[in-house]
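The values are calculated or read from the model by the stated rules, or taken from the named source; none is laboratory data. Keep in mind that what you see is a predicted model, and the values were worked out from it rather than measured. Cβ placement follows ideal geometry from the backbone for every residue including glycine, while neighbour counts extend to all protein chains displayed. Side chains included, ligands, DNA and RNA excluded: accessible areas come from the protein's heavy atoms. Shrake-Rupley method; radii C 1.70, N 1.55, O 1.52, S 1.80 Å.
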Protein chains: 4
Amino acid sequence: MASTPTKRPKFRRRAEARPDEVLDAALDLFIARGFAATRVEDIARRAGLSKGAVYLYYPSKEAILEALVQRSILPIAEQVAALGRLETGDPKAALRSLIDLIGDGLAEPRVAAIPKIIVGEAGNFPQLVESYRRQVIERGLGALTALIRRGVELGQFRPVDPELAARNVVGPLIAHLLLARIFSIAPADDPRARRFLDSHLDILMNGLAAEGERKA
Amino acid sequence: MASTPTKRPKFRRRAEARPDEVLDAALDLFIARGFAATRVEDIARRAGLSKGAVYLYYPSKEAILEALVQRSILPIAEQVAALGRLETGDPKAALRSLIDLIGDGLAEPRVAAIPKIIVGEAGNFPQLVESYRRQVIERGLGALTALIRRGVELGQFRPVDPELAARNVVGPLIAHLLLARIFSIAPADDPRARRFLDSHLDILMNGLAAEGERKA
Amino acid sequence: MASTPTKRPKFRRRAEARPDEVLDAALDLFIARGFAATRVEDIARRAGLSKGAVYLYYPSKEAILEALVQRSILPIAEQVAALGRLETGDPKAALRSLIDLIGDGLAEPRVAAIPKIIVGEAGNFPQLVESYRRQVIERGLGALTALIRRGVELGQFRPVDPELAARNVVGPLIAHLLLARIFSIAPADDPRARRFLDSHLDILMNGLAAEGERKA
Amino acid sequence: MASTPTKRPKFRRRAEARPDEVLDAALDLFIARGFAATRVEDIARRAGLSKGAVYLYYPSKEAILEALVQRSILPIAEQVAALGRLETGDPKAALRSLIDLIGDGLAEPRVAAIPKIIVGEAGNFPQLVESYRRQVIERGLGALTALIRRGVELGQFRPVDPELAARNVVGPLIAHLLLARIFSIAPADDPRARRFLDSHLDILMNGLAAEGERKA
DNA sequence: CATGAATGAGGTTTCATTCAT
DNA sequence: TATGAATGAAACCTCATTCAT
């Protein structure tokens with residue numbers, strides 16, 4: 001592509017990456033303007049092809065959204081698998097790594113943006129919400145709940161309700177994700193993002209820890 | 001319905017409530033389908049008047065959205081004023097009342113829905129975001145931060161960063177608000193909503209409290 | 001309309017005739033260019049309204065075609081009823097009036113054009129064909145067959161197969177209808193149209209009539 | 001299929017039949033869906049080649065239609081020539097053979113479909129209609145008219161108007177052709193198709209025949 | 001010769017907004 | 001005030017045609 005300095009070829013053949021490029025472009029625009037306010041032609045232009053070409057890869061605008069969500073679910077599923085492995089170790093350490101893990105994931109804009117889009121389009125595409133709920137939310141919260149339950153059973157955590165506590169753990173992270181950018185609470189690469197995670201961990205650990213387990 | 005002329009008169013002269021009814025209708029639909037996917041005609045029908053009449057009260061669809069956000073800001077401003085008053089009391093008790101207050105506010109669907117809409121339309125209406133940020137987010141977080149700072153200064157809270165801790169306080173509440181309904185995590189009138197607040201308070205208080213201040 | 005010499009009003013309210021005007025315009029264009037090659041905008045312009053207004057009356061282009069066919073079926077149903085009444089009289093006279101009747105009907109361009117359109121779109125809209133077949137073709141041929149059968153039974157006609165003979169009766173009329181205009185075989189108001197009917201009747205009567213019944 | 005290299009070789013060098021295969025495919029689809037609703041890609045697929053390859057043989061979709069009509073005109077021209085030869089014989093026998101001939105021709109779907117297509121596209125391609133009219137309709141009707149005129153002059157037929165009578169002769173055949181399949185009046189391989197021709201001949205001969213010439 | 005990815009004009013349909021009544 | 005028919009600017013999507021390979 002960049003290797004032909006002569007001129008930009010009108011036709012580019014068999015670019016295997018095309019479908020992904022379309023999704024990337026669509027993601028940027030869906031984030032910026034929402035699904036309904038994004039025109040297919042804009043997606044096309046940003047992906048570097050024509051309006052019609054988009055339809056070679058996806059049969060409709062809605063299909064683009066669906067593919068987008070599916071694509072984002074895959075890496076998360078892997079993270080959830082990783083979560084499973086964490087369960088066997090020390091709950092406290094596991095929780096710490098977990099929050100780091102989520103923090104890193106949510107820092108990835110291409111992954112983090114999806115929930116925001118789903119929140120906006122929930123009413124129009126219920127099946128999207130449902131598949132995200134089943135594959136991400138439920139599995140993620142499930143793993144986290146199990147982890148906390150073990151901590152309670154081992155006496156490392158106070159006798160909290162694991163299900164509800166799990167929401168207290170991820171809540172600030174998700175809220176930060178959804179709102180930080182929008183309300184300019186913190187820019188993406190703010191060093192305070194790191195400090196926010198630390199603060200969260202600090203309060204959480206102290207709030208969960210059983211009497212004798214507390215750090216000074 | 002039309003047979004009971006008392007309750008809902010067909011001709012209502014100078015119905016002062018009309019603009020508000022339009023906003024109510026718009027709110028319901030914006031939540032359900034998003035701003036772009038909601039037709040002015042639908043708003044009109046739901047508000048019980050004609051398409052044209054909507055334009056007697058609001059010059060454009062966008063103006064309806066703006067009025068909606070403005071209307072939701074007012075009661076929140078009052079809550080924030082109430083927050084100010086709390087600052088003079090015992091920080092711990094104040095924090096407890098505050099979370100109750102927020103919990104109650106967020107349980108009010110007409111108020112709670114606004115942030116969700118703003119999240120969805122942030123890209124298209126930046127001035128909306130900005131005004132919400134200035135009048136709600138900043139003031140709310142500001143008051144909460146001040147409250148925590150006083151708790152730290154008084155030695156009731158551990159030496160946390162008040163600004164960041166404030167986010168830890170509201171984060172789960174906001175996340176719950178934004179996601180619970182969408183992902184069917186909890187139905188609107190779930191008694192667990194109460195227990196969720198309790199759990200949050202419990203962990204928070206233990207996480208924030210200074211050594212000697214902890215409850216058993 | 002023509003009574004306001006000042007200027008053509010931009011908005012015309014509640015013109016009850018609008019839907020019919022749309023059908024008239026569509027009919028003209030479907031005849032001239034076929035269904036697929038006719039743009040909704042052309043229909044609108046010819047009907048004297050805007051593209052969007054067409055959709056106030058019909059939900060889709062296909063619905064226009066369906067309405068068109070339905071509208072043309074009504075008067076034909078009445079003619080078929082009239083056919084039923086003819087059955088009680090003298091078969092020969094009845095056949096004569098019948099051919100006149102059909103001839104008149106087919107001379108009405110708005111009615112006669114429908115079969116031509118159906119022939120062209122048969123593959124794309126099978127349900128259209130089916131409803132036309134049931135309501136027009138079957139009933140028409142049925143009445144005609146009954147009439148001929150009676151003629152045979154009364155000894156006025158030779159012992160022909162009534163079903164097949166019915167096709168011999170209407171065949172030339174339909175062929176004339178479908179082809180005459182297209183192939184410029186005869187202009188619409190050609191006096192020869194009358195003579196064509198006469199010739200048809202003449203040959204037919206002689207071909208059907210039993211020995212003794214023939215005219216010189 | 002691909003495993004038998006004999007029957008349908010994947011690479012067929014200089015396939016002279018290609019253009020004809022394209023026409024065959026196009027004909028099938030034009031009949032089924034009409035010209036406008038048929039995509040070039042569908043024609044290509046049905047003809048067993050790629051979309052681009054179609055354009056190696058025909059410069060445009062319209063050119064395919066034109067070639068189709070031209071191709072169908074050729075054999076008909078020969079039949080018309082045969083008609084000319086019939087003129088010298090006994091008019092009655094000639095008429096009988098003629099109707100058989102036409103009946104056979106019209107039974108050939110690839111030939112019979114053309115008029116149906118022309119009827120549908122008459123408005124969009126007048127030059128197509130014109131060339132068909134000149135080469136098929138006019139010559140065919142001309143020959144038939146001449147044949148009937150001779151019959152009248154020889155006293156075998158009653159003194160009918162030869163031009164109009166010619167239309168009475170072909171009318172039912174054409175009507176049958178255009179409508180039978182569409183309206184399921186008679187399936188393609190119905191044995192009654194033969195009987196329909198017989199009935200037509202029977203009525204026609206009796207209707208045309210002069211007094212003394214009539215069969216019992 | 002042959003392919004099929006790519007283009008882009010153009011068609012159907014939607015909907016915010018206007019305005020005669 | 002209130003109505004809702006009417007407008008017209010897009011938006012989505014299709015498909016005839018081109019052209020690099």
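Structural remarks
Okay, residues lined up against (1) in a helix (DSSP H, G or I); (2) out of contact with any strand residue (DSSP E or B) (no Cβ under 8 Å at 6 or more places or on another chain); (3) more than 10 Å from chain D (Cβ to nearest Cβ):
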position	(1), (2), (3)
C:110	yes, yes, yes
C:137	yes, yes, no
C:141	yes, yes, no
C:148	yes, no, yes
C:155	no, yes, yes
C:163	yes, yes, no
C:181	no, yes, no
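- Tally of residues being open to solvent by 30 Å² or more (accessible area, probe 1.4 Å) and in contact with a helix residue (DSSP H, G or I) (Cβ under 6 Å, 6 or more places away or on another chain) across the range D:59-68: 1
- Qualifying residue in the range D:69-78 (condition: farther than 30 Å from residue D:204 by Cα, away from chain C (no Cβ under 14 Å) and surrounded by fewer than 20 Cβ atoms within 10 Å (Cβ to Cβ)): yes
- Out of B:35, B:30, one residue alone is in a loop (DSSP other than H, G, I, E, B), under 20 Å from residue A:123 (Cα atoms) and either at pLDDT 95 or above or within 14 Å of another protein chain (Cβ to nearest Cβ) (or both). It is B:35.
- The residue list C:89, C:84 contains one member that is surrounded by fewer than 18 Cβ atoms within 10 Å (Cβ to Cβ) and outside any helix (DSSP H, G or I), which is C:89.
- Flag if residue A:153 is surrounded by fewer than 17 Cβ atoms within 10 Å (Cβ to Cβ) and over 29 Å from residue B:37 (Cα atoms): yes
- The single condition among (1) under 25 Å from residue C:35 (Cα atoms); (2) assigned by TED's automatic domain parsing to the domain that holds residue D:145 that residue D:76 does not meet is (1).
- The range A:32-54 - residue that is within 7 Å of DNA strand F (Cβ to nearest atom) and surrounded by 15 or more Cβ atoms within 10 Å (Cβ to Cβ) and, of those, nearest to the chain's Cα centre (by Cα): A:38
- Any pair with Cβ under 7 angstrom, 6 or more apart, that starts in the range C:47-68 at a residue that is within 14 Å of another protein chain (Cβ to nearest Cβ) and ends at one that is near DNA strand E (Cβ under 8 Å from one of its atoms) and not small (Gly, Ala, Ser): C:61/C:40
- Being in the same structural domain as residue B:203 (by TED's automatic domain parsing) and modelled with pLDDT under 85 is true of residue B:104.
- When residue B:115 is tested against the conditions (1) within 16 Å of DNA strand E (Cβ to nearest atom); (2) within 14 Å of chain A (Cβ to nearest Cβ); (3) under 13 Å from the mean Cα position of the chain (by Cα), the lone failure is (1).
- Of all the numbered requirements in (1) farther than 26 Å from residue B:201 by Cβ; (2) buried (at least 19 other Cβ atoms within 10 Å of the Cβ); (3) among the acidic types (Asp, Glu), residue A:108 misses one, and that requirement is (2).
- For the range C:55-71, the condition holds for at least one residue, the condition being that it is away from DNA strand F (no atom under 15 Å from the Cβ), farther than 30 Å from residue D:126 by Cβ and assigned to a helix (DSSP H, G or I).
- Flag if residue A:130 is within 14 Å of chain B (Cβ to nearest Cβ), assigned to a helix (DSSP H, G or I) and within 16 Å of DNA strand E (Cβ to nearest atom): no
- Any hit, the range B:44-51, residues being away from DNA strand E (no atom under 16 Å from the Cβ) and in a helix (DSSP H, G or I): no
- Only one of C:124, C:168 that is within 8 Å of chain D (Cβ to nearest Cβ), surrounded by fewer than 18 Cβ atoms within 10 Å (Cβ to Cβ) and either on the phi < 0 side of the Ramachandran plot or aliphatic (A, V, I, L, M) (or both): C:124
- No other residue among D:80, D:111, D:129, D:136 is at pLDDT below 85 and closer than 23 Å to residue C:122 by Cβ apart from D:111.
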